[in-house]
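Undergrad: Below is a structure I'd like to ask you about.
Where a number appears in this text, it was derived from the coordinates with a stated rule and is not lab data. Since the structure is predicted, the reported quantities are computational estimates derived from the model, not experimental observations. Methodologically, a virtual Cβ is constructed for each residue, glycine included, from the backbone with ideal geometry; neighbour enumeration extends over all protein chains shown.
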Amino acid sequence: MLESIVQEETTGCGIASVANILGKTYSEIKFIANAMGIHASDKSLWSDTQYVRRMLSSAGVETSKDEIPFESWEALPDLALLSIKHHQEEGKDFWHWVVFKRLNGQPFVLDSANYLSSNVRRDFDAMQPKWYIEIKNA
């Protein structure tokens, strides 16, 4: 059965997404993140890609250099960080991190939001990603 790590803090989607990619618990990744000076209370986790990239890189995971515009679910690589729920606050872009995976040809999204009835999502039309970061060697 597929399971998703659920974020333990309102702004913890980046930490939970890294945990989902690495197969670790939220608290394990939070500990590593905090040691790197990355804290869920920092709102820039929602508006800057360097934090998740640094956490993944420290675990030896390579990511695409740039954010790649979303074109279709079929065009996504087998593993990617997706940005959904785009909005602006005080002129700054914010989003929610989720993880797209394709296992045995079956696509799904691991969404760490704690208010969802299921954190393994297949309601692709509802998510509307703007761009993604390819995960190359997790």
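Undergrad: Only one of the listed values, (i) 2, 9, 16, 19, 19, 15, 8, 6, 4, 2, 0, 0; (ii) 2, 10, 19, 20, 17, 13, 9, 6, 3, 1, 0, 0; (iii) 2, 10, 22, 25, 22, 13, 4, 0, 0, was derived from the coordinates as P(r) over Cα pairs in 5 Å bins from 0, in percent; which label is it?
TA: Comparing each candidate, only (iii) matches the computed number.
Undergrad: Given the Cα-Cα distance of residue 89 and residue 57 and 0.36 nm per residue of separation, how much length would full extension add, in nm?
TA: Length gained between residue 89 and residue 57: 8.7 nm.
Undergrad: Give, in nm to one decimal, the length gained when the segment between residue 116 and residue 75 is fully stretched (0.36 nm per residue of separation minus the Cα-Cα distance).
TA: 12.2 nm
Undergrad: Which of these, 62, 71, 89, has the largest mean-square fluctuation under a Gaussian network model of the chain (Cα springs below 10 Å)?
TA: 89
Undergrad: Over segment 13-134, what is the mean sequence separation of C-alpha contacts under 8 Å (at least six apart), divided by residue count, expressed as relative contact order in percent?
TA: 28 percent
Undergrad: Please give the length that would be gained between residue 106 and residue 66 if that part of the chain were fully extended, namely 0.36 nm times their separation in residues minus their C-alpha to C-alpha distance (nm, one decimal).
TA: 11.8 nm
Undergrad: Rounded to the nearest 500, what is the chain's calculated 222 nm mean residue ellipticity when only DSSP H runs of at least 4 contribute -39500 (n - 2.57) each, over all residues?
TA: Calculated from helices alone, the mean residue ellipticity at 222 nm is -6500 deg cm²/dmol.
Undergrad: Right, here's the next one. Quick one: work out the % antiparallel among DSSP beta bridges in the chain, nearest 5.
TA: Numbers: 23 of 23 bridges.
The antiparallel fraction comes to roughly 100 percent.
Undergrad: Would you work out which of 13, 107, 57 lies farthest towards the positive end of the dipole of segment 1-112? Charges go on Cβ: Lys and Arg +1, Asp and Glu -1.
TA: 57
Undergrad: Any idea what the relative contact order of segment 1-64 is, in percent, if you count C-alpha pairs under 8 Å spaced at least 6 apart?
TA: That works out to 30 percent.
Undergrad: To the nearest 20 Debye, how big is the dipole of segment 38-138 about its Cα centre, given +1 on the beta carbon of each Lys and Arg and -1 on that of each Asp and Glu?
TA: Dipole magnitude for segment 38-138 comes out near 260 debye.
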